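These notes concern the structure reproduced below.
The values are calculated or read from the model by the stated rules, or taken from the named source; none is laboratory data. Predicted model, so just to flag it, every value in this text is computed and none were measured. Every residue, glycine among them, receives a Cβ derived from its backbone with ideal geometry; neighbour counts consider all protein chains shown. Heavy atoms of the whole protein, side chains included, go into the accessibility calculation; ligands, DNA and RNA do not. Shrake-Rupley method; radii C 1.70, N 1.55, O 1.52, S 1.80 Å.
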Number of protein chains: 2
Amino acid sequence: MSGLQQAKSEETRRKVLEAACEAIETGGLAAVNIRNIAKEAGYSIGSVYKHFKDVDELIIAVNTLTFSKMKDRMAEAFEAEDDPLDRLQALARTYYRFSRENTKLWLTLFGHRLPEDYPTPEEHVQANVDLLSFVGRALQGLHPELEGEELTVRVKTCFAAVHGIVALSYERRFVSLSDEVLERELEFAVARLVA
Amino acid sequence: MSGLQQAKSEETRRKVLEAACEAIETGGLAAVNIRNIAKEAGYSIGSVYKHFKDVDELIIAVNTLTFSKMKDRMAEAFEAEDDPLDRLQALARTYYRFSRENTKLWLTLFGHRLPEDYPTPEEHVQANVDLLSFVGRALQGLHPELEGEELTVRVKTCFAAVHGIVALSYERRFVSLSDEVLERELEFAVARLVA
DNA sequence: GTCAAATGGTGAACGACGTTCACTTTTGGA
DNA sequence: TCCAAAAGTGAACGTCGTTCACCATTTGAC
């Protein structure tokens, strides 16, 4: 494969992926429909399957993009602060705000359960590790005595706690808190957890 | 409707619901299939729809049962302790253990997103309020000065944090912790959050 | 006991979906 | 110029949720 063909192939993949992103941004996971996505991208059903072996792979690709956008935002937040505690607070706040500004994408990232026999996307595991490493570096700045396994575990706990506060704010059963209150509670939780 | 008819109707509903529970306990949300459930229950497709207007309503019924089982366990945990902090720790531990012992049901409870136009089941909102009230009563025992809105908000935060730690332990992307470590981290998080 | 209405129960049929594949069109290189 | 390889197509298949016209059983009034 060379030149023109590769370019066409990449463009098709890109357009299909874009259409899938737009579908999810608009209607969430429920709006993923190969026929619609193919039409929106300007291709036939068959072409979608030339680039993605099934819907799960397409959704995984969207989630990989979401992870990437989130990582950029988290990197910004990390760089913008010097003080370790400020960094941790900024990371939590950024995590929450990203979810607010990209709610459908964020819900898809955590709501799409792939079949049990489906292999876990290695890139997603790595993306998670990358996210945790921001928290890890900030936490170590605050607690230099924490190291190795102990640090890793504590990082996961803090991340998970923040994640839970964000996640439940989208649970319709859960009588939810206002934006301001939620950010204050997030700040409280982080302060306590890393004190 | 009277006597025999009502009894038949209730039995059918019960058998269908039981079949749905078993399907979910075995294969999770993905295993929900009206044809299979009807067959397992010993009825036809049409009969299922006489008792549940669509799959969502059937899943909601299963989730209501799950909530009820969880509430029983949380009530036990609450009663078993006197000290407020012990109570809070027991509630968190129970929440986690329930999710371990009923993983598929628990994942279905939090993984099933119903259509946006679908009304939030009032009974689920109430079930959530009931769960939070255990936490609320225990937390107030520890912090009598907390009251009203302030207490409500803090209760939600603590619950959500615990929920997040439990929830992420089922995320395959997330390199997860062992049972013992997770319970220790849960204890740490609760101790810090309510200190 | 009789009969009509109400309720329980059935499964073929419909439309939408994910997926496959035999096919046509376009391309790259010899 | 020609043909293998790759891109692109869409009809067709199986499965799913859902509907509905139909039969069977139960009920209550007479």
From (1) at the interface with chain B (Cβ under 7 Å from one of its Cβ atoms); (2) at pLDDT 95 or above, pick out the condition that doesn't hold for A:Phe159.
(1)
Which residue pairs have Cβ atoms under 7 Å apart, sit 6 or more places apart or on different chains, and have a first residue in segment A:42-56 that is at positive phi and not assigned by TED's automatic domain parsing to the domain that holds A:Leu114 and a second that is open to solvent by 40 Å² or more (accessible area, probe 1.4 Å) and more than 7 Å from DNA strand C (Cβ to nearest atom)?
A:Gly42/A:Lys15
Filter segment A:43-63 for residues that are within 16 Å of A:Ala31 (Cβ to Cβ) and within 14 Å of chain B (Cβ to nearest Cβ); the one that is nearest to DNA strand C (Cβ to nearest atom) is A:Val55
B:Pro115 - would you say it is without any contact (Cβ under 8 Å) to a residue 40 or more places away in the chain and not in a helix (DSSP H, G or I)?
no
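Every residue, every condition in (1) more than 12 Å from the chain's Cα centre (by Cα); (2) open to solvent by less than 50 Å² (accessible area, probe 1.4 Å), yes or no:
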site: A:Lys69; (1), (2): no, no
site: A:Asn102; (1), (2): no, yes
site: A:Pro144; (1), (2): yes, no
site: A:Phe174; (1), (2): yes, yes
Given (1) within 14 Å of another protein chain (Cβ to nearest Cβ); (2) over 16 Å from the mean Cα position of the chain (by Cα); (3) within 16 Å of DNA strand D (Cβ to nearest atom), identify the lone condition not met by A:Leu29.
(2)
Within segment A:57-68, does at least one residue satisfy the condition of being at pLDDT below 95 and of a type outside the set (D, E, K, R)?
no
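Determine whether segment A:74-86 contains at least one residue that is of a type in the set (A, V, I, L, M, F, W, C) and near DNA strand C (Cβ under 9 Å from one of its atoms).
Restricting attention to segment A:74-86, the residues satisfying the condition of being of a type in the set (A, V, I, L, M, F, W, C) are A:74-75, A:77-78, A:80, A:85.
Okay, now just the ones that are also near DNA strand C (Cβ under 9 Å from one of its atoms), so none.
No, segment A:74-86 contains no residue that is of a type in the set (A, V, I, L, M, F, W, C) and near DNA strand C (Cβ under 9 Å from one of its atoms).
Determine which member of the set A:Ala77, A:Ala19 is within 16 Å of DNA strand D (Cβ to nearest atom), more than 14 Å from chain B (Cβ to nearest Cβ), modelled with pLDDT of 95 or more and part of a helix (DSSP H, G or I).
Checking each option against the conditions leaves just A:Ala19.
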Condition met for A:Glu81 (closer than 20 Å to A:Gln140 by Cβ and surrounded by fewer than 21 Cβ atoms within 10 Å (Cβ to Cβ))
yes
Residues (touching a residue at least 40 places away in the same chain (Cβ under 8 Å) and open to solvent by 30 Å² or more (accessible area, probe 1.4 Å)) located in segment B:151-172:
B:Tyr170
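Every residue, every condition in (1) under 25 Å from B:Tyr96 (Cα atoms); (2) outside the structural domain of A:Thr26 (by TED's automatic domain parsing); (3) part of a loop (DSSP other than H, G, I, E, B); (4) without any contact (Cβ under 8 Å) to a residue 24 or more places away in the chain, yes or no:
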residue: A:Ala92; (1), (2), (3), (4): yes, yes, no, no
residue: A:Leu131; (1), (2), (3), (4): yes, yes, no, no
residue: A:Glu149; (1), (2), (3), (4): yes, yes, no, yes
residue: A:Val181; (1), (2), (3), (4): no, yes, no, yes
residue: A:Glu185; (1), (2), (3), (4): yes, yes, no, yes
All but one of (1) more than 16 Å from DNA strand D (Cβ to nearest atom); (2) more than 14 Å from chain A (Cβ to nearest Cβ); (3) hydrophobic (A, V, I, L, M, F, W, C) hold for B:Phe67, so report the exception by its number.
(2)
What are the residues in segment A:8-36 that are near DNA strand C (Cβ under 8 Å from one of its atoms) and surrounded by 11 or more Cβ atoms within 10 Å (Cβ to Cβ), if any?
A:Lys8, A:Val32, A:Asn33, A:Ile34, A:Asn36
Which residues, taken from segment A:94-134, are within 13 Å of chain B (Cβ to nearest Cβ) and closer than 21 Å to A:Glu81 by Cβ?
A:Tyr95, A:Tyr96, A:Ser99, A:Asp130, A:Leu131, A:Leu132, A:Ser133
All-but-one check, B:Phe98 against (1) open to solvent by 50 Å² or more (accessible area, probe 1.4 Å); (2) touching a Lys or Arg at 6+ places or on another chain (Cβ under 7 Å); (3) not basic (Lys, Arg), failing number (1)
